[in-house]
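Here the structure is laid out as structure tokens; the discussion comes afterwards.
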Amino acid sequence: MLQNKEIQFQRLGLIDYKEAWDYQDKLFTGILDLKSRNRNLPEDAQVQTPNYLLFCSHPHVYTLGKSGHEENLLIDEQGLQEKGATFYKINRGGDITYHGPGQIVGYPILDLDNFFTDIHKYLRFLEEAVILTLEEYGITAGRIQGLTGVWLDHEEQKDPRKICAMGVKCSRWVTMHGFAFNINTDLDYFSNIVPCGINDKKVTSLAKELNHEVPETEVEEKLLKHLAHLFDADIITATHEERY
């Protein structure tokens, strides 16, 4: 069966974290179910699996990955209420992170059988799309060995700063969860956690590095361009009627 290189792109806007998680899970489970059905069919009767890419932002929320440590959340339930934030334990990799307005949260729900079956390459491609996007703003970014995500001052590490966090789940080569790219993010919310369980490095945003706010849709367009090139994919924007 031919690989499906088309990715259906949806902008969900500002959306409750649990609502977006449930929607991701619906798409993720649908792909897995289709793969299961295909296994029982001759190759010429199999149906191509779809791929999805969701961009959104969330009201203030802290999420803890399955390998994370709850003590990295530094405030209690009352503190969460005072901050207007929620907290979820979720089924991605990684430790604790923050999502909020002014952030581009990307959720690729891809069947990697359509592209390549290499989870490390997948993560590097997500990082590379962010690195190339930052380059368009005159910002040099990269990786720090042993750590996921995208960093500034990643080479000399005199003042290393994370600008994009990553955490994914993959089952039978189908992915969910993804990345959180700080654009116009209120970085004060990161002071309530040990971000990603790393207590000796800072967090930053595109607006902080440029000293001015940046239109998030402008950044999204650059990200989409680089993701399409890296994955050799056609990214098709879904109409409103095609969502949910």
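Of the accessible area of the chain, with the probe set at 1.4 angstrom, what percent is carbon plus sulfur? Result for the chain: 48 percent of the exposed heavy-atom area is carbon or sulfur.
Converting phi to 3J(HN,Hα) with the Karplus coefficients 6.51, -1.76 and 1.60 and the offset θ = phi - 60°, region 37-48 yields 5, 4, 4, 9, 10, x, 4, 6, 10, 6, 9, 4 Hz in sequence order, with x at every glycine or proline. Entry note, the chain: relative contact order of 24 percent, from Cα contacts under 8 Å with a spacing of 6+ residues.
Against the chain, whose longest principal axis comes from its Cα atoms, helix 119-135 is set at around 60 degrees. Toward the positive end of the charge dipole of the chain, with +1 on the Cβ of Lys and Arg and -1 on the Cβ of Asp and Glu, the farthest Cα among Phe87, Trp173, Val194 is that of Trp173.
Peptides 186-193, 60-67 ranked from most to least packed give 60-67, 186-193, packing being the mean of other C-beta atoms within 10 angstrom over each peptide's residues.
This structure gives Cα extents along the principal axes in Å, computed directly, and of [x] 56, 53, 31; [y] 53, 35, 33; [z] 55, 40, 36 that value is listed as [z]. The residues of the chain have, on average, 48 Å² of accessible surface per residue, using a 1.4 Å probe with all protein chains present.
Cross-link check: pairs Lys169/Lys201; Lys35/Lys66; Lys89/Lys121; Lys158/Lys202 evaluated at a Cα-Cα cut-off of 21 Å; pairs beyond the cut-off: Lys169/Lys201; Lys35/Lys66; Lys89/Lys121. Helix 216-230 sits at what angle to the longest principal axis of the chain, using alpha carbons and giving 0 to 90 degrees rounded to 10? For helix 216-230, the angle is close to 50 degrees.
Only helices enter this figure: runs of n ≥ 4 DSSP H residues, each worth -39500 (n - 2.57), summed and divided by the residues of the chain, yield -9000 deg cm²/dmol at 222 nm to the nearest 500. In sequence order, region 154-167 has phi-based couplings of 7, 8, 6, 6, 6, 8, x, 9, 8, 10, 8, 9, 9, x Hz under the Karplus curve 6.51 cos²θ - 1.76 cosθ + 1.60, θ = phi - 60°, and Gly or Pro positions carry x.
In straight-distance terms, cross-link reach from Lys225 covers every one of the lysines whose alpha-carbon lies under 17 Å from its own, apart from those fewer than eight places away in the same chain; here that gives Lys5. Its relative contact order, with pairs defined as Cα atoms under 8 Å and 6+ residues apart, puts region 27-140 at 31 percent.
The values are calculated or read from the model by the stated rules, or taken from the named source; none is laboratory data. All figures in this text were calculated on a predicted structure; none of them were measured in a lab. Using ideal geometry, Cβ is built from the backbone for each residue, glycine included, and neighbour counts are taken over all protein chains shown. Quick note on the areas: whole protein, heavy atoms, side chains included, nothing else; ligands and nucleic acids left out. Shrake-Rupley method; radii C 1.70, N 1.55, O 1.52, S 1.80 Å.
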